[in-house]
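Notes for the one structure printed next.
Please treat every number below as a calculation from the coordinates, not as lab data. Since we're looking at a predicted model, the values are computed, not measured. Here Cβ is always computed from backbone atoms with ideal geometry, including for glycine, and neighbour counts include all displayed protein chains.
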Amino acid sequence: MIRPDEVSGRFQSKLHEPRTAALLGIALGVTLTICFATGLLSHAAQNPNAWFGWPARPAGLYRISQGLHTLCGVATIPILLAKLWVVFPRLFEWPPVRSFAHALERLSVLPLIAGGLFMMLSGVANLARWYPWGFFFTTAHYAVAWITFGSLVIHLGLKWTIVRSSVGQGRTPEADPDVVGSRRAFLGGVIGTTGLTLLATAGNTVAPLSSIAALAQRRPGVGPQGVPVNKSAKGAGVLDDISNPGWLLSITGNVSRPIDVTLDELRAMGQRTAELPIACVEGWSTSATWRGVPLRDLMAAAGAAPGATALIESVQTGGAYRAAELNAEQINDPDTLLALELNGQPLHRDHGYPIRLIGPNRPGVMQTKWVNRLVVS
Ligand SMILES: Nc1nc2c(c(=O)[nH]1)N[C@H]1C(S)=C(S)[C@@H](COP(=O)(O)O)O[C@H]1N2
Ligand SMILES: [Mo]
């Protein structure tokens with residue numbers, strides 16, 4: 001095999017070697033697999049007609065899986081940068097192609113690097129709610145995930161023998177003590193950086209860490225009524241609508257008695273209290289106490305068939321998150337509420353006054369605020 005330092009004298013470090021690359025590769029394999037699996041879960045949760053019906057329980061599942069998704073994504077950044085640095089000299093390998101298998105191996109690296117960098121950058125930009133591009137984040141992040149993970153699987157398959165032999169080799173007596181020492185220091189640095197990055201981010205969902213979460217975009221407990229806000233009433237352009245005392249909730253569609261319910265009528269119905277998290281796709285989450293009318297009671301009042309599904313809509317006219325679907329299991333869950341209160345007070349306008357949806361195990365984007373219409377199907 002041609003050693004990179006023979007190709008170019010510019011790469012002096014002894015760390016441009018297979019064992020360091022293999023160990024970082026294993027770490028990336030783990031974080032990217034968790035990112036991919038939890039990403040698929042998030043996709044399924046947001047697309048109720050996907051390949052399986054997203055369950056309403058356990059109530060905090062989405063909070064955990066999406067927290068893992070964003071934290072593993074963030075942890076990937078230092079590991080991926082370290083890995084790219086270690087294997088960088090191989091770009092200058094000569095001859096560039098030795099065989100068909102070698103050509104395939106080199107080609108598989110392209111979508112892996114490009115895809116990995118795209119996932120990392122687009123994910124972080126989304127956490128910062130910064131969209132300097134023309135495409136819709138969710139669709140692009142989802143499509144490129146398949147390309148990246150597909151090339152990761154191919155890459156790991158092609159490299160498996162090297163990974164196995166170089167991981168075993170580190171313990172053999174002929175290992176160069178110099179390389180072993182600098183590798184330990186280098187990998188220790190990568191682990192330390194990853195740990196610090198995680199500590200600076202995890203507080204957006206793990207409340208006890210929130211005070212040190214320098215990189216967290218939202219903190220549990222910080223916001224009106226002790227809950228962070230994603231989109232404010234002003235930002236959604238609903239300030240005029242929600243100040244109308246004649247607010248009506250219409251229940252229409254496939255029901256035997258379409259009804260318009262006033263706020264007083266809603267307040268007079270049987271109320272239920274539920275402790276449920278808001279778990280944003282961006283990774284922040286917080287638990288809160290909600291009080292309101294179970295959605296299934298309202299559906300029954302309008303004469304919806306058992307097993308019906310529904311689309312819940314906001315008075316907001318634009319925006320990707322003005323409406324959300326509910327499957328039958330979610331509707332039948334007693335804790336799926338049209339909430340009027342949050343943490344013991346009438347909803348703050350930024351949390352969806354006068355009415356918002358809150359349900360167990362739903363992504364934040366589907367906890368629709370300023371609700372005025374329920375279309376049953
Ligand atoms: N109508 C409407 N509802 C919405 C949104 C929105 O933009 N419009 N944003 C959603 C998102 S992304 C999240 S995370 C939650 C956050 O709820 P909160 O602002 O009350 O914490 O509201 C959801 N409900
Ligand atoms: Mo969100």
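Considering L338, L295, L311, the condition of being crowded, with 23+ Cβ neighbours inside 10 Å, within 22 Å of R57 (Cα to Cα) and within 26 Å of the chain's Cα centre (by Cα) is satisfied by L338 alone. Take the conditions (1) within 16 Å of ligand 1 (Cβ to nearest atom); (2) surrounded by fewer than 18 Cβ atoms within 10 Å (Cβ to Cβ); (3) under 27 Å from T286 (Cα atoms); R219 misses just one of them, which is (2). Looking across segment 357-377, the residues that are basic (K, R) and either within 13 Å of ligand 2 (Cβ to nearest atom) or at positive phi (or both) come down to R362, K369. Go through segment 326-350 and count every residue that is acidic (D, E) and either free of Cβ contacts under 8 Å to residues at least 24 places away in the same chain or within 16 Å of ligand 2 (Cβ to nearest atom) (or both). Total meeting the criteria: 1.
Within segment 274-290, which residues are among the aromatic types (F, W, Y) and either near ligand 2 (Cβ under 8 Å from one of its atoms) or touching a helix residue (DSSP H, G or I) at 6+ places or on another chain (Cβ under 9 Å) (or both)? If the condition is that a residue be among the aromatic types (F, W, Y) and either near ligand 2 (Cβ under 8 Å from one of its atoms) or touching a helix residue (DSSP H, G or I) at 6+ places or on another chain (Cβ under 9 Å) (or both), then W284 is the only one that fits.
Residues of segment 354-377 that are in a loop (DSSP other than H, G, I, E, B) and within 10 Å of ligand 1 (Cβ to nearest atom): R362, Q367, T368, K369, W370. For segment 231-264, name all the residues that are of a type in the set (S, T, Y) and either in contact with a Lys or Arg (Cβ under 9 Å, 6 or more places away or on another chain) or within 16 Å of ligand 2 (Cβ to nearest atom) (or both). Passing the criteria: S232, S243, S250, T252.
What is the residue count in segment 322-335 for residues that are more than 12 Å from V238 (Cα to Cα), surrounded by fewer than 20 Cβ atoms within 10 Å (Cβ to Cβ) and within 16 Å of ligand 1 (Cβ to nearest atom)? The total comes to 2.
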